[in-house]
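One structure below.
No lab work stands behind these numbers, since they all come straight from the coordinates. Computed from a predicted model, the values in this text were never measured in an experiment. Cβ placement follows ideal geometry from the backbone for every residue including glycine, while neighbour counts extend to all protein chains displayed.
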Amino acid sequence: MKLKDDHRVRILAAVATRGASYQLLRVLVITLSLVILLAVPAAELVRLDLWRGNHLLLGEPVDFVEGLGGFVVSMLVLWGVTFATNIVVGRFFCGWGCPVGYVSRLGEDVRLKKRKKLRWLGAHLAGAGFVGTFIAAIMAWWVDWRVLIDGSLTAKAVVVGVWLLLCFGGFLHAFVWKFGFCRSACPIGLYYRFVTSRTPVGIVFSQQPSPCIECGACEKICPVDIDPKSLGQPVPGPGEESMDLARLAAGADLDAGLAPPGEVYGDAECIRCGDCVEACRMIFKSRPGETPPLRFGRVDRERASTGVHAS
Ligand code: SF4
Ligand code: SF4
């Protein structure tokens, strides 16, 4: 995985240098996610206080059962929003709105800036600040933070200890697990894989009007190790051949959780992050008048299912 990681970070650096158009949008979406996570307990809409029992619902003190009911309803609303999004755009939430996935990007940002000490330090601080805030937001759903002011020494130590432990998990996610967690271990991601694949909107590969120049940048940058050019194609069964997928199989990472024969390649694994689209655009900036073959768009299922994906 090391070589793959290096390739990805190098192409990310090139994309950033040439003006990454998705960067601002991604920051806005992730900020919105974080604000929602913070706002619910901060506005005292819901809190299930596991430490001192100061449960809240719509600003009023409630008992455990009512607090639990409010918590379940809040989770159902959040789930409904992400589910509706994923029905249309697949695992869009994984690629754009999930703070855990974003922590992997912050880890990559540190590596991107490793040659410039001050910027490297700034990237570390930004990452630590994001992880600390995210963990605090999650914990605020489960504990009344005023315990840090008027709680016992033990209570303060436990709350700070749990926060530090979870922050360490964030560190591991940024620098050790990275997108491998999103690809193969995240329970929410695994759930989305099965319920929201084959969506009408996704990554589209078309060699018209301009052909692919086979530079390989899109494959190398993909954080979940799939070939964006083969997305949506049927995975061949035993004895069946597919030109693109044979090429793919030759370099496929067996850990990538590829769909079994008979299913559609990559639909459930692609987190719709758009990195491949940005890489392709970056390559085509030096080819004025030509159109990058990769883009977000409406997926032609019929065409993909016959294997006539690229023309
Ligand atoms: S959008 Fe592209 S880069 Fe991102 S996961 Fe899907 S295929 Fe890979
Ligand atoms: S980045 Fe674009 S041009 Fe390069 S291989 Fe991928 S689709 Fe083809």
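Computed quantities for the displayed model
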| item | result |
| --- | --- |
| Span-like helix ranges in the chain, DSSP H, alpha carbon extent 24 angstrom or more, Kyte mean at least 1.0 | 22-42, 64-89, 117-140, 153-172 |
| Rough spin-label spacing in nm, given labels placed 7 Å along Cα→Cβ, for V88 and D300 | 2.3 |
| The chain, relative contact order [Cα under 8 Å, separation at least 6], % | 23 |
| Debye, to nearest 20: dipole size of the chain, +1 on Lys, Arg Cβ, -1 on Asp, Glu Cβ | 1360 |
| Isolated Cys in the chain, by beta carbon distance under 4.7 Å | C94, C98, C167, C182, C186, C212, C215, C222, C270, C273, C280 |
| Structure-based [θ]222 nm, the chain - -39500 (n - 2.57) summed over DSSP H runs of at least 4, per residue, nearest 500 | -17000 deg cm²/dmol |
| Gaussian network model of the chain, Cα within-10 Å springs - most flexible of T82, T17, T154 | T154 |
| Hypothetical label at I36: residues of the stretch 63-91 whose amide nitrogen lies under 19 Å (7 Å Cα-Cβ projection) | 70-91 |
| Charge-dipole axis of the chain as Lys and Arg at +1 and Asp and Glu at -1 on Cβ define it, positive-most pick from H55, Y192, W145 | W145 |
| F175 paired with R119, simple spin-label distance in nm, labels 7 Å along Cα-to-beta-carbon | 2.0 |
| Förster radius 22 Å - calculated FRET efficiency between L148 and F64, Cβ distance, rounded to 0.05 | 0.50 |
